[in-house]
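The values are calculated or read from the model by the stated rules, or taken from the named source; none is laboratory data. What you are looking at is a predicted structure, and each value in this text was computed from that prediction instead of being measured. Positions of Cβ are backbone-derived with ideal geometry, glycine not excepted, and every protein chain shown enters the neighbour counts. To get the accessible areas, we keep the full protein, side chains included, count just its heavy atoms, and leave off ligands, DNA and RNA. Shrake-Rupley method; radii C 1.70, N 1.55, O 1.52, S 1.80 Å.
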Amino acid sequence: MVRRSWGRVGAAELVAFPDAREELRSEADAWGWSAEAVESYLGALDKDSQPTGYLFMCRTCGRYMAYADST
């Protein structure tokens, strides 16, 4: 799978990419967080600060994906 990086995104930018937001939600669910904690985390994503989301598009299927980092 070849990915094209779109760069940093926050909660506001992820509204336009529901597949990527759902991927982040699933990842955080796997950490054992409560639904409230997951939504709070996703709502706190900020493209210019921490935590930050990173958006990618698969060049093969065109699907948007994301991961988040809070370092």
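Going through the range 53-63 one residue at a time, which ones are of a type in the set (Ser, Thr, Tyr) and closer than 14 Å to residue 25 by Cα?
54
Show me the helices (runs of 4 or more DSSP H) entirely contained within the range 1-55 in which 2 or more residues are open to solvent by 60 Å² or more (accessible area, probe 1.4 Å) and modelled with pLDDT under 90.
Filter on the range 1-55 gives 18-30.
What are the residues in the range 56-69 that are under 14 Å from residue 9 (Cβ atoms) and either without any contact (Cβ under 8 Å) to a residue 60 or more places away in the chain or open to solvent by 60 Å² or more (accessible area, probe 1.4 Å) (or both), if any?
Selection gives 56, 57, 64, 66, 67, 68, 69.
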